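A.B. asks: One structure coming up, written as structure tokens, with questions to follow.
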Amino acid sequence: MKLLPTGKGAGAKPQGLRDRVAAYVIEKITTGEWATGYRIPSENELVATFGVSRMTVHHALRDLASQGFLARRSGSGTYVAEPSAYIAEYAHLDVIREIEDRGGVHRADVLTREIIQPPSPIATAFGAADTGLLFHAVIVHFEDEIPFELEDRWMDPAFIPDGMAIDLSHQTLFSRLMRIRPYRQGSEQVRAVSISAREEQLLAVPSGTPALEVLRKTWSAAGVVTVARMLRAGPNGAMNGCIRASSDF
């Protein structure tokens, strides 16, 4: 079953003629009345059903095809598409905003803030055996005085020239980067891990507590911007997101 795109949920009220056509087709698919591979009514048939222009129907079906609901075959017709892969989407909220949105109070302990030669694995992640000096920070974020997230971040100093002076009690490195380099590409790996005794101590969790590890790398045309590792353990070991269907892969 395909999931509706954000903002087009089953309870959403159609706003126009094109939306009416799309909502009708989606309902037929999601209820199972039109199964995978089913040839849906032609554009002319849908025009007659809804009393709208052919262009309206054409655009509605084209939109649904781009969203992965339909497959259009030249000279044959339009069919219910094969189920496609799901994409997990995360808002990637700034940790201060995430905490304050819940009514909590944020505090940050900056354990490390330096510009140093990185270890080999970090240099490799930045695309070279010798990257020169990088900005490095290790920060514990607290929610209502309880450790919430451990952040270990490396950045190219060229992308954050004021990194050593930022007041990290009121602004995160993430939010600062979003202001300086808002349009970046990235990759992310999320997994459950065992953490070190030192990390357990910093997150104030008992020995053996499972943790969620997020490894994030972002880059722009000018090169790698940041490589970061975030840890959340115990009851904080979660990320909130949504899932949508996609025909992109």
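A.B. asks: So what J values fall out for the stretch 18-34 if you push phi through Karplus, 6.51 cos²θ - 1.76 cosθ + 1.60 with θ = phi - 60°, rounded to Hz, Gly and Pro as x?
C.D. replies: 4, 5, 4, 4, 4, 5, 5, 5, 4, 4, 4, 6, 6, 7, x, 5, 10
A.B. asks: Take the alpha carbon gyration tensor of the stretch 17-84, find the square roots of its eigenvalues, order them as a ≥ b ≥ c, and report rounded if a/c is under 1.5; if not, report prolate when a/b exceeds b/c, else oblate. Walk me through the numbers before you get to the answer.
C.D. replies: Values: a/c = 1.60, a/b = 1.36, b/c = 1.18.
Since a/c reaches 1.5 and a/b is larger than b/c, the shape of the stretch 17-84 is classed as prolate.
A.B. asks: What translational diffusion coefficient, to the nearest whole µm²/s, does the stretch 139-230 have by Stokes-Einstein, given a Kirkwood radius computed over alpha-carbon pairs, a temperature of 20 °C and 1.002 mPa s viscosity?
C.D. replies: Details: Rh = 14.5 Å.
It comes out at roughly 147 µm²/s.
A.B. asks: Hey, what do the phi angles of the stretch 198-211 turn into as Karplus ³J(HN,Hα) couplings, whole Hz, using 6.51/-1.76/1.60 and θ = phi - 60°, x for Gly and Pro?
C.D. replies: 5, 5, 4, 5, 5, 8, 6, 10, x, 4, x, 5, x, 9
A.B. asks: Could you run the Karplus curve 6.51 cos²θ - 1.76 cosθ + 1.60 with θ = phi - 60° over the stretch 186-191 and give me ³J(HN,Hα) per residue in whole Hz, x for Gly and Pro?
C.D. replies: x, 9, 8, 10, 10, 7
A.B. asks: Given axes a ≥ b ≥ c from the Cα gyration tensor, I'd like to know whether the stretch 88-245 is rounded (a/c under 1.5), prolate (a/b larger than b/c) or oblate. If you can, show how the numbers build up before the last one.
C.D. replies: Numbers: a/c = 1.40, a/b = 1.34, b/c = 1.04.
Rounded is the answer for the stretch 88-245, as its axis ratio a/c remains below 1.5.
A.B. asks: Additional query: Using label points projected 7 Å from each Cα along Cα→Cβ, tell me how many nm separate residue 53 and residue 201, to one decimal.
C.D. replies: 7.1 nm
A.B. asks: Separate question: Quick one: if you stick a label point 7 Å off each Cα along the C-beta vector at residue 145 and residue 31, how many nm between them?
C.D. replies: Result: 5.7 nm between the two label points.
Readers should treat all values here as calculations from the given coordinates under stated rules, not as data from a laboratory. Keep in mind the model is a prediction, meaning the values are calculated, not measured. Neighbour counts are summed over all protein chains in view; Cβ atoms, including those assigned to glycine, are modelled from backbone coordinates with ideal geometry.
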